[in-house]
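Okay, structure first, notes after.
The values are calculated or read from the model by the stated rules, or taken from the named source; none is laboratory data. Being a predicted model, the structure only gives us computed values, none of them experimental. When we count neighbours, we look across all protein chains shown, and the Cβ atoms used for this are built from the backbone with ideal geometry, even at glycine.
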Protein chains: 2
Amino acid sequence: MKAEWKKQFNRFNKRMTPCRQAIIDIFEEKRKHLSAEEVYILLRKKRRKVGMATVYRNLDLLSQMGLLHRLNFGDGKEHYEMARISPAKHHHHLVCTRCGKAVDYSELVGEEHEFLNRLEKKLGDKYDFSIQSHQIYFYGLCKDCR
Amino acid sequence: MKAEWKKQFNRFNKRMTPCRQAIIDIFEEKRKHLSAEEVYILLRKKRRKVGMATVYRNLDLLSQMGLLHRLNFGDGKEHYEMARISPAKHHHHLVCTRCGKAVDYSELVGEEHEFLNRLEKKLGDKYDFSIQSHQIYFYGLCKDCR
DNA sequence: CTAACTGCAAATCGTTTGCGAGCAA
DNA sequence: TTGCTCGCAAACGATTTGCAGTTAG
């Protein structure tokens, strides 16, 4: 798995560094979406000396490499999560428009997958886009905010 | 139609002002997603003296009132568009991850609508959310950026 | 009349950039 | 060696806020 990533880094003319490894580890451990600041705090908890700038640079790089997905819940900051290729792990988000809380869901992803694939193909052809990913957001009010 | 909005404003204890009317007009005329700055520029073109702060405040208010939808294309700024209740006008977005260009599409919205309604109900029940809207984003590279 | 609204300028805050020093290959 | 990476501090840019004057209902 690590060799796999190394290859990916090479392909992008980038290097595998302790800092990057640590960031990847954090996403593997937490298995949820994290903001840049949350990643930064988790790194420091592991007694790792890093600057915010580096965190941002690496989250950006990992996103461009396709290892992370960038999410936006409308709370003014970007969030990131492991990009999982497997449909089984595929999921989307339910966002509370008041408190910003975001819940993952993976209901009906089977049907969704089939439907979105068809749509993706159609759109890609029509608008001359090479589509790489998609996100579905449902917005509403959570129990506590209602 | 204007009476309709007035009611909405009353319900929120807000007032219909020339500035707000002008902003609504702009979205009706342009019929596409606009950033706060774009709205600001269009207002000034109409020789309307407004501050950016007011634009932001009103875009925010109109979003909370459900008159506008807030969109995020990952280019660092928020975009807004008229919320159209009619399924006929319903659409989503195709975003280029390189240049940030966003294209509207409305393919297969009929099928989508049926599917998403079902999903919405299921999710609302399971996670105790009162879902108000949804957005689908497809990400990829446009013709020019490929 | 009075609470909501406004423009202005200053403040905020997430994110980016410039730079010299430090590593990976 | 070479050039990708790093931490730091400063810069940036979109959005927010405080405030005193203005306006809708």
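Could you please find all residues in the stretch A:84-93 being surrounded by fewer than 17 Cβ atoms within 10 Å (Cβ to Cβ) and either within 11 Å of chain B (Cβ to nearest Cβ) or within 15 Å of DNA strand C (Cβ to nearest atom) (or both)?
none
B:ALA88 is checked against (1) at pLDDT 90 or above; (2) farther than 21 Å from A:LEU116 by Cβ and fails just one. What number does that condition carry?
(1)
Which of the residues belonging to the stretch A:48-80 are within 12 Å of chain B (Cβ to nearest Cβ) and surrounded by fewer than 16 Cβ atoms within 10 Å (Cβ to Cβ)?
A:ASP60, A:GLN64, A:GLY66, A:ASP75, A:GLY76, A:LYS77
Within 12 Å of DNA strand D (Cβ to nearest atom), more than 23 Å from B:CYS99 (Cα to Cα) and either free of Cβ contacts under 8 Å to residues at least 24 places away in the same chain or not hydrophobic (A, V, I, L, M, F, W, C) (or both): is that true of A:GLY74 in this structure?
Criteria not met by A:GLY74.
For the stretch A:91-111, how many residues are at pLDDT below 90 and among the basic types (Lys, Arg)?
1
Determine if the stretch A:52-66 includes at least one residue that is modelled with pLDDT under 95, more than 12 Å from DNA strand C (Cβ to nearest atom) and under 24 Å from B:GLN135 (Cβ atoms).
Checked against the condition, which is being modelled with pLDDT under 95, more than 12 Å from DNA strand C (Cβ to nearest atom) and under 24 Å from B:GLN135 (Cβ atoms), the stretch A:52-66 yields at least one hit.
Among the numbered conditions (1) assigned to a helix (DSSP H, G or I); (2) facing chain A (nearest Cβ under 10 Å); (3) under 24 Å from A:CYS99 (Cα atoms), tell me where B:ILE136 comes up short.
If we test B:ILE136 against (1) assigned to a helix (DSSP H, G or I); (2) facing chain A (nearest Cβ under 10 Å); (3) under 24 Å from A:CYS99 (Cα atoms), just (1) comes out false.
Residues that are of a type in the set (Ser, Thr, Tyr), under 25 Å from B:ALA102 (Cα atoms) and outside the structural domain of A:ILE24 (by TED's automatic domain parsing): does the stretch A:59-68 have at least one? So that I can check it myself, show each step before the final result.
Step one: of the stretch A:59-68, the residues of a type in the set (Ser, Thr, Tyr) are A:63.
Next, only the ones that are under 25 Å from B:ALA102 (Cα atoms) stay: A:63.
Checking the rest, the ones that are also outside the structural domain of A:ILE24 (by TED's automatic domain parsing) come to none.
No, there is no match, as no residue in the stretch A:59-68 is of a type in the set (Ser, Thr, Tyr), under 25 Å from B:ALA102 (Cα atoms) and outside the structural domain of A:ILE24 (by TED's automatic domain parsing).
Report, by residue number, each residue of the stretch B:4-14 that is closer than 23 Å to B:VAL50 by Cα, more than 6 Å from DNA strand C (Cβ to nearest atom) and either loosely packed, with under 11 Cβ neighbours inside 10 Å or charged (D, E, K, R) (or both).
B:LYS6
Answer yes or no as to whether A:GLU114 is more than 7 Å from every other protein chain (Cβ to nearest Cβ) and closer than 15 Å to B:LEU108 by Cβ. Please lay out each step first, then the result.
Details: more than 7 Å from every other protein chain (Cβ to nearest Cβ): yes; closer than 15 Å to B:LEU108 by Cβ: yes.
Yes: the conditions hold for A:GLU114.
Kindly provide the set of residues from the stretch A:73-85 that are at pLDDT 95 or above and within 13 Å of A:ASP104 (Cβ to Cβ), ordered by number.
Within the stretch A:73-85, A:PHE73, A:HIS79, A:GLU81 qualify.
Which of the numbered conditions does A:THR17 fail, given that it passes all the others? Conditions: (1) near DNA strand D (Cβ under 10 Å from one of its atoms); (2) surrounded by 15 or more Cβ atoms within 10 Å (Cβ to Cβ).
Just one mismatch for A:THR17, condition (2).
Restricting attention to the stretch B:20-38, which residues are away from DNA strand C (no atom under 12 Å from the Cβ), surrounded by 11 or more Cβ atoms within 10 Å (Cβ to Cβ) and on the phi < 0 side of the Ramachandran plot? So that I can check it myself, show each step before the final result.
Filtering the stretch B:20-38 for residues away from DNA strand C (no atom under 12 Å from the Cβ) gives B:25-38.
Add one more test, that the residue is surrounded by 11 or more Cβ atoms within 10 Å (Cβ to Cβ), and what stays is B:25-27, B:30-38.
Scanning the stretch B:20-38 gives B:ASP25, B:ILE26, B:PHE27, B:LYS30, B:LYS32, B:HIS33, B:LEU34, B:SER35, B:ALA36, B:GLU37, B:GLU38.
Here are A:ASP104, A:ASP125: which of them is under 13 Å from B:TYR105 (Cα atoms) and more than 7 Å from chain B (Cβ to nearest Cβ)? Give the steps one after another, and end with the answer.
Numbers: A:ASP104 fails: under 13 Å from B:TYR105 (Cα atoms).
Going through A:ASP104, A:ASP125 in turn, the sole match is A:ASP125.
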